[in-house]
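The values are calculated or read from the model by the stated rules, or taken from the named source; none is laboratory data. Just so it is clear, the structure is predicted and the values come from calculations on it, not from any experiment. Positions of Cβ are generated from backbone atoms using ideal geometry, with glycine treated the same way; all protein chains shown enter the neighbour counts. The protein model used for the area step is the full one, side chains on, heavy atoms only, and it has no ligands, DNA or RNA in it. Shrake-Rupley method; radii C 1.70, N 1.55, O 1.52, S 1.80 Å.
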Amino acid sequence: MVMTESTGATRSSAPLPLRVAWGVLAAFLLLWDVFEVLKHMGWVIPGAALGAALPFLGRLAGLGRPHEPGQLAPRAVPLHNLLNRAVIPFAIMVVFSFLGDGPEDIAAPFTFGMSWLTSIAFARALGFGLRTPDGWQR
C-alpha cells in the first residue's frame, strides 16, 4: 500500500516480490553475521553492533525539528539516505575482503559492513527505505 504526503507516508512503494527478496537477503546476512561473530569474537562484536545501528543514526540529525508523523525531518534526509545506500556497506565488505594477511585481519571491518547491509536489508523488507527531500518514503 502506498501512502502519500497527505496521509502520512510510512512505507515505501516497493513491490512485494522485491520486499520478499530483501527479506531473504536479510535473513541470510543475519545468519552469516552471527556465524562471523561467534567465529571471531573480540572486535567483531562491537563492529557488528555499530554496523547494525549505523543506518538509524541519520535520524538523530532530525531530532527536535518539526515534521509530520511518518515524515523524517528534511534536515536529516541527506544523512539518512547516505547511510541507507546498500552499495556503501557492500563496498566496505569487498574492499576489506582483499586487504589484510588473513581472516583475523579483516573480520571486524568485514562484519561491520555486513551488519550494516543486514540492517538496510531488514528495513527494506519491512517497507522502509530512502526518503524524498522533504522526508517522506519514496
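Observations, loosely collected:
- Lone unmet requirement of (1) within 19 Å of Arg11 (Cα to Cα); (2) open to solvent by 20 Å² or more (accessible area, probe 1.4 Å); (3) in a helix (DSSP H, G or I); (4) touching a residue at least 40 places away in the same chain (Cβ under 8 Å) for Asp134: (3)
- For the stretch 86-109, taking the residues that are touching a residue at least 40 places away in the same chain (Cβ under 8 Å) and of a type outside the set (A, V, I, L, M), the one that is least open to solvent (accessible area, probe 1.4 Å) is identified as Pro109.
- Considering the stretch 55-85, the residues that are open to solvent by less than 20 Å² (accessible area, probe 1.4 Å) and polar (S, T, N, Q) include one that is farthest from the chain's Cα centre (by Cα), namely Asn81.
- One residue from Ala52, Ala91 being assigned to a helix (DSSP H, G or I), under 14 Å from Trp116 (Cβ atoms) and in contact with a helix residue (DSSP H, G or I) (Cβ under 7 Å, 6 or more places away or on another chain): Ala52
- Pair list, Cβ < 7 Å and 6+ apart or interchain, from the stretch 9-33 residues that are aromatic (Phe, Trp, Tyr) to residues that are open to solvent by less than 30 Å² (accessible area, probe 1.4 Å): Trp22/Ala121; Trp22/Ala125; Trp32/Met114
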